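The values are calculated or read from the model by the stated rules, or taken from the named source; none is laboratory data. Note that the structure is predicted; figures quoted are calculated from it, not measured. We place every Cβ from the backbone using ideal geometry, glycine too, and count neighbours over all the protein chains shown.
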Amino acid sequence: MRNYFLKNKFLWLTFGVALIVLFYFYHTVLLSPNDFLFSAEGDGIKNYYTYLYHAQYDTQFGHFSGMNYPYYEHVVYTDAHPLFSYLIGLLGLANYGVGILNVLMLLSYPIAAVFIFKIFRHYKVNDWWALAAAVAITFLSPQIFRLTGHFAMSYVFAIPIMWWLLIKSYSTKKWIWSVIISLYMLAFFFTHPYLGIILAFFSIVFWLVNMVKSRKEILPGMVRIFIQTVLPLVLFQGYISMTDVHVDRLSNPAGFFHYYATWNSLIIPHHGPIREITSFFSLKIGEWETWCYIGFPTIVFAVVIGIQMIRMRNEFHLKSFLKKELSLFLIAAYLILLFAFCFPLKYDWLRWVTDLFGPLKQFRILGRFTWIFFYVFTVTCAIGIYRLYQKKQHKAYPILFFTGILFYLLEFAPAHSDNANYMTIAENKFLPEKVDANMNEVIDFVKKENYDAILFLPFQHMSSENIMLLGAHKANYDAFLLSYHTQTPLVNSISSRMSLTESIKVNNYFSPRFIEKELTYDFPEGDRIVVIKNRDLLKPSELVMIWESEQVFENEEFVIFDFDPEKYNSRAPFDRIMTKEKLATFSVGQGWKSDTTDVWFYYESFDDVGLDLPAEHKLGGTGAFRDLKSSWNTIKTFDQNTIPPGDYVIKYWYYLREDRPDPLAVMEAKYVQEDSSAWIAQFDIKQSTLIVEDWCLVEMNFTISPDVAELNVLITGNSSQEPFIIDELLIQRQNDSHLFRKAIKNDNPYVIYDNYWIKENSFE
């Protein structure tokens with residue numbers, strides 16, 4: 001045992017030094033890990049909730065019963081650390097789950113440092129150099145900010161261990177290492193699919209590079225790729241296919257052409273002394289999802305190595321320090337970096353390629369793939385400086401190296417200090433003793449009444465991406481705590497790639513009262529649903545839900561209503577609309593009827609635009625408006641003579657299936673005298689609550705003043721060049737007489753009331 005410790009003393013020393021650094025920044029958390037939530041909002045509170053609820057209450061590995069009632073959700077889509085949370089549940093440690101998770105996330109730093117040290121040792125770097133570089137590189141890892149929200153992706157040891165395993169597989173040629181890699185990768189697929197696919201990319205590209213290098217490696221390389229990556233991926237996807245009962249998940253999520261890395265995200269710091277300089281020159285760091293700063297010392301090391309390779313081309317060249325398989329890893333890292341840059345797929349003329357590989361788009365934040373490059377490149381540069389020292393034996397190189405290590409400290413220290421301060425703000429209120437009095441009263445009431453589900457207002461339900469309700473941070477926090485402490489599922493939900501069919505039914509639950517609420521019929525018969533609201537402001541559609549509900553409890557923070565889904569889904573408002581339609585006997589043009597001839601409106605069916613579109617791309621008639629999203633898309637332009645001054649409402653329909661409707665719908669007015677323009681109305685399309693089949697309604701109120709020279713109907717497009725389709729546009733005066741007409745869509749008869757499409761056989 002003594003010999004073992006002596007032989008591996010630097011491994012233990014590396015772990016110890018990294019642990020000391022970790023303790024310096026995070027000692028408050030480490031001394032009482034179960035007392036704090038690293039984040040109490042956004043993805044952070046959701047990820048704690050799904051992880052704990054699954055561990056505490058779910059008995060099936062793949063099933064998550066805490067959200068999206070009555071449909072629930074597959075656990076893989078909830079960010080619940082499914083493998084880990086299930087094990088915590090089996091061991092009965094859910095009450096300590098927050099502390100265990102917090103410690104594991106933080107301990108991933110010293111573990112990562114150990115394996116980076118082992119990589120340095122493999123490449124014959126001096127132990128002291130290896131220790132210093134391993135600790136510095138570890139604490140600059142690009143996953144720093146995942147500690148405050150994306151917990152399942154915060155494990156900095158994931159890639160270093162994978163790299164070390166690939167080294168062992170390459171250098172020993174033993175197949176046992178392929179099996180170990182396969183199991184390791186499978187474990188990460190069931191931790192977070194993103195990490196699984198990142199590790200898979202690393203393995204695949206490395207072995208492909210090796211196969212290109214040597215024909216003898218083609219067959220063994222293909223076998224290794226199969227065992228290491230294909231097999232765990234097939235097992236993971238196979239399990240999902242067999243256990244996921246939710247249909248209609250999004251196959252084309254947004255982000256693939258937006259969240260890719262740039263050189264700025266690699267070389268512009270997010271913290272540290274250089275940040276002040278880059279801020280002064282207004283250098284953009286890029287989208288935070290793509291941050292992967294390699295460190296100023298790494299840049300200096302790379303420049304020095306490059307200069308010396310030119311000056312000493314006969315003595316010092318790539319082969320002199322890229323020994324063994326390091327060159328293969330570096331080439332693989334560069335190739336993966338190109339993918340993280342979305343190169344060359346980001347160019348318009350090549351975007352069609354991604355349509356041939358639909359599953360690839362599921363991993364829409366390409367910037368995360370830069371993490372592989374970070375480790376390989378920083379380690380390689382440190383090795384290069386050490387090789388220069390070996391070659392020249394000049395004291396300048398140790399000085400340069402260890403000065404660089406100190407500068408790494410200056411760069412990562414502010415980031416970890418910010419993290420540590422933020423991570424100790426929120427108490428762990430998943431512990432019963434930490435819950436405040438007002439929430440405890442609500443918990444006791446819900447438990448006593450034995451409700452089957454909670455609908456919390458303000459309401460959040462995301463993310464099918466195409467259609468979602470965004471809610472509010474405080475409401476989500478309250479809802480998750482109440483659900484966990486009462487063991488009562490939420491109608492609310494936050495997960496990824498949700499079923500579009502389920503999302504439509506939930507969004508439609510907040511549509512006007514005359515629209516039939518199909519979600520009502522999916523609630524199990526006899527189940528009791530409680531509506532709880534906090535003191536946040538509610539939308540009009542949410543207020544309607546509680547107006548006719550009986551208030552049964554109130555304290556300083558919360559109000560509880562005994563909700564009746566059948567009463568809420570009453571057909572009386574629908575019948576009133578149908579009565580109005582029968583009284584509308586005056587033809588007012590373009591197929592519309594009203595109860596008077598004194599009515600002003602503008603209607604555009606888009607039937608004459610000349611596009612040959614499939615039937616599903618037309619809501620009504622024979623045509624629709626189709627274009628590719630650019631920064632600004634003009635749907636319609638009106639001059640000052642078309643629409644007289646007054647108050648108006650515009651309604652048109654947006655096709656949901658093409659791409660997520662990220663853009664805003666905008667009404668823009670251009671003025672006569674000032675030669676200026678302004679938005680006079682806007683609408684977040686993805687938050688529409690009125691959906692007919694695959695179409696959602698865009699609705700905006702606006703006012704035309706006498707000084708308006710031009711009115712533009714716009715859609716922002718984020719320059720994605722993805723297609724979008726709209727149809728059936730109607731503008732009418734606010735509080736004017738109602739307009740009616742009839743239409744048939746997919747053999748279903750509709751009454752169209754002020755451009756609301758209502759199934760004629762609703763409530764039957």
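Among residues of the range 131-151 that are among the polar types (S, T, N, Q), those with a Cβ under 8 angstrom from a residue that is surrounded by fewer than 22 Cβ atoms within 10 Å (Cβ to Cβ) and not in a helix (DSSP H, G or I), sequence gap 6+ or separate chain, pair up as THR148/SER39. Name the residues in the range 62-109 that are more than 23 Å from the chain's Cα centre (by Cα) and within 24 Å of PHE523 (Cα to Cα), would you? Passing the criteria: only PRO70.
Counting only residues that are under 17 Å from PHE480 (Cα atoms) and without any contact (Cβ under 8 Å) to a residue 60 or more places away in the chain, which one in the range 83-96 is surrounded by the most Cβ atoms within 10 Å (Cβ to Cβ)? Outline the logic, then answer.
Step one: of the range 83-96, the residues under 17 Å from PHE480 (Cα atoms) are 85, 94-95.
Filter once more, keeping what is without any contact (Cβ under 8 Å) to a residue 60 or more places away in the chain: 85, 94.
Numbers: SER85: 26, ALA94: 21.
Applying the filter and picking the extreme gives SER85.
Of the residues in the range 584-603, not one is within 30 Å of LEU457 (Cα to Cα), touching a residue at least 60 places away in the same chain (Cβ under 8 Å) and crowded, with 19+ Cβ neighbours inside 10 Å. Report yes if some residue within the range 346-361 is under 27 Å from ILE198 (Cβ atoms), in a helix (DSSP H, G or I) and modelled with pLDDT of 75 or more; otherwise report no. No: zero hits.
Summed over the range 168-179, the residues that are assigned to a helix (DSSP H, G or I) and either of a type in the set (D, E, K, R) or out of contact with any helix residue (DSSP H, G or I) (no Cβ under 6 Å at 6 or more places or on another chain) (or both) give a count of 7. In the range 631-683, the qualifying residues are those that are over 23 Å from ILE504 (Cβ atoms) and of a type in the set (Gly, Ala, Ser), and the one that is farthest from the chain's Cα centre (by Cα) is GLY646.
Could you look through the range 549-605, keep only residues that are of a type in the set (A, V, I, L, M) and part of a helix (DSSP H, G or I), and pick out the one that is nearest to LYS533 (Cα to Cα)?
Step one: of the range 549-605, the residues of a type in the set (A, V, I, L, M) are 552, 559-560, 572, 577-578, 583-584, 588, 599.
Adding the requirement that they be part of a helix (DSSP H, G or I) leaves 572, 577-578, 583.
Details: ALA572: 26, ILE577: 30, MET578: 33, LEU583: 40 Å.
Checking each candidate, the answer is ALA572.
The residue that is nearest to the chain's Cα centre (by Cα), among those in the range 112-140 that are over 20 Å from PHE402 (Cβ atoms) and surrounded by 20 or more Cβ atoms within 10 Å (Cβ to Cβ), is ALA112.
Filter the range 501-541 down to residues that are more than 22 Å from ASP562 (Cβ to Cβ), out of contact with any helix residue (DSSP H, G or I) (no Cβ under 6 Å at 6 or more places or on another chain) and not hydrophobic (A, V, I, L, M, F, W, C), then give me how many there are. Break it down stepwise before answering.
Just the residues of the range 501-541 that are more than 22 Å from ASP562 (Cβ to Cβ), to begin with: 501-505, 507-508, 511-512, 514-516, 518, 537.
Filter once more, keeping what is out of contact with any helix residue (DSSP H, G or I) (no Cβ under 6 Å at 6 or more places or on another chain): 501-504, 507-508, 511-512, 515-516, 537.
Remaining after also requiring not hydrophobic (A, V, I, L, M, F, W, C): 501-503, 507-508, 511-512, 516.
Number satisfying all stated conditions: 8.
Looking at ILE752, ILE758, ILE725, ILE744 in this structure, which one is farther than 24 Å from SER587 by Cβ, in a strand (DSSP E or B) and among the aliphatic types (A, V, I, L, M)?
Selected residue: ILE725, the only one of ILE752, ILE758, ILE725, ILE744 that is farther than 24 Å from SER587 by Cβ, in a strand (DSSP E or B) and among the aliphatic types (A, V, I, L, M).
Quick check: anything in the range 226-238 crowded, with 18+ Cβ neighbours inside 10 Å and within 22 Å of PHE64 (Cα to Cα)? Yes, that holds for at least one residue.
Based on this model, can you work out whether VAL531 counts as buried (at least 16 other Cβ atoms within 10 Å of the Cβ), among the hydrophobic types (A, V, I, L, M, F, W, C) and in a loop (DSSP other than H, G, I, E, B)? It would help to see each step written out before you state the result.
Values: buried (at least 16 other Cβ atoms within 10 Å of the Cβ): yes; among the hydrophobic types (A, V, I, L, M, F, W, C): yes; in a loop (DSSP other than H, G, I, E, B): no.
Here the answer is no, as VAL531 does not meet what is asked.
For the range 508-528, a residue qualifies if it is out of contact with any strand residue (DSSP E or B) (no Cβ under 8 Å at 6 or more places or on another chain), assigned to a loop (DSSP other than H, G, I, E, B) and of a type in the set (Phe, Trp, Tyr), and exactly one does: TYR509. Note on the range 20-45: residues that are modelled with pLDDT under 95 and not hydrophobic (A, V, I, L, M, F, W, C) total 5.
Beta carbons closer than 7 Å, at least 6 apart along the sequence or on distinct chains, pair a first residue in the range 492-505 that is touching a residue at least 12 places away in the same chain (Cβ under 8 Å) with a second that is crowded, with 23+ Cβ neighbours inside 10 Å and small (Gly, Ala, Ser) for ASN492/ALA479; MET498/SER464; SER499/SER464; LEU500/SER464; SER503/SER464. Between LEU131, LEU166, which is in the same structural domain as ILE198 (by TED's automatic domain parsing) and either under 23 Å from PHE321 (Cβ atoms) or of a type outside the set (Phe, Trp, Tyr) (or both)? Step by step, each of LEU131, LEU166 is checked, and only LEU166 is in the same structural domain as ILE198 (by TED's automatic domain parsing) and either under 23 Å from PHE321 (Cβ atoms) or of a type outside the set (Phe, Trp, Tyr) (or both). Residues in the range 722-737 that are of a type in the set (A, V, I, L, M, F, W, C) and closer than 11 Å to LEU619 by Cβ: 3 in all. Criterion applied to PHE638, PHE574, PHE561 was being under 30 Å from VAL708 (Cβ atoms), hydrophobic (A, V, I, L, M, F, W, C) and in contact with an Asp or Glu (Cβ under 9 Å, 6 or more places away or on another chain), and the one residue passing it is PHE638. Count of the range 628-642 residues, restricted to those that are of a type in the set (Val, Ile, Thr) and buried (at least 18 other Cβ atoms within 10 Å of the Cβ), is 1.
Just to be sure before I move on: is ASN735 surrounded by fewer than 16 Cβ atoms within 10 Å (Cβ to Cβ) and in a loop (DSSP other than H, G, I, E, B) in the structure I sent? It would help to see each step written out before you state the result.
On the way: surrounded by fewer than 16 Cβ atoms within 10 Å (Cβ to Cβ): yes; in a loop (DSSP other than H, G, I, E, B): yes.
The answer is yes for ASN735.
Looking only at the range 598-619, how many residues end up being in contact with a strand residue (DSSP E or B) (Cβ under 6 Å, 6 or more places away or on another chain), within 17 Å of ILE650 (Cα to Cα) and of a type outside the set (A, V, I, L, M, F, W, C)? Here the count works out to 3. Count of the range 57-82 residues, restricted to those that are surrounded by fewer than 22 Cβ atoms within 10 Å (Cβ to Cβ) and more than 25 Å from GLY196 (Cα to Cα), is 3.
Here's the yes/no breakdown for (1) out of contact with any Leu (no Cβ under 8 Å at 6 or more places or on another chain); (2) in contact (Cβ under 8 Å) with a residue 60 or more places away in the chain; (3) assigned to a loop (DSSP other than H, G, I, E, B); (4) closer than 20 Å to ILE399 by Cα:
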residue	(1), (2), (3), (4)
CYS292	no, yes, yes, no
THR298	yes, yes, no, yes
VAL303	yes, no, no, yes
ILE307	yes, no, no, yes
LYS323	yes, yes, yes, no
SER327	no, no, no, no
LEU330	no, no, no, no
ALA333	yes, no, no, no
PHE339	no, yes, no, no
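Only one of the numbered conditions (1) free of Cβ contacts under 8 Å to residues at least 40 places away in the same chain; (2) surrounded by 24 or more Cβ atoms within 10 Å (Cβ to Cβ) is violated by LYS174, and that is (2).
So that you can scan it fast, the table gives a plain yes or no per residue for (1) within 24 Å of ILE383 (Cβ to Cβ); (2) surrounded by 13 or more Cβ atoms within 10 Å (Cβ to Cβ); (3) at pLDDT 85 or above:
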| site | (1), (2), (3) |
| --- | --- |
| ILE268 | no, yes, yes |
| THR290 | no, yes, no |
| TYR293 | yes, yes, yes |
| ALA302 | yes, yes, yes |
| LYS324 | yes, yes, no |
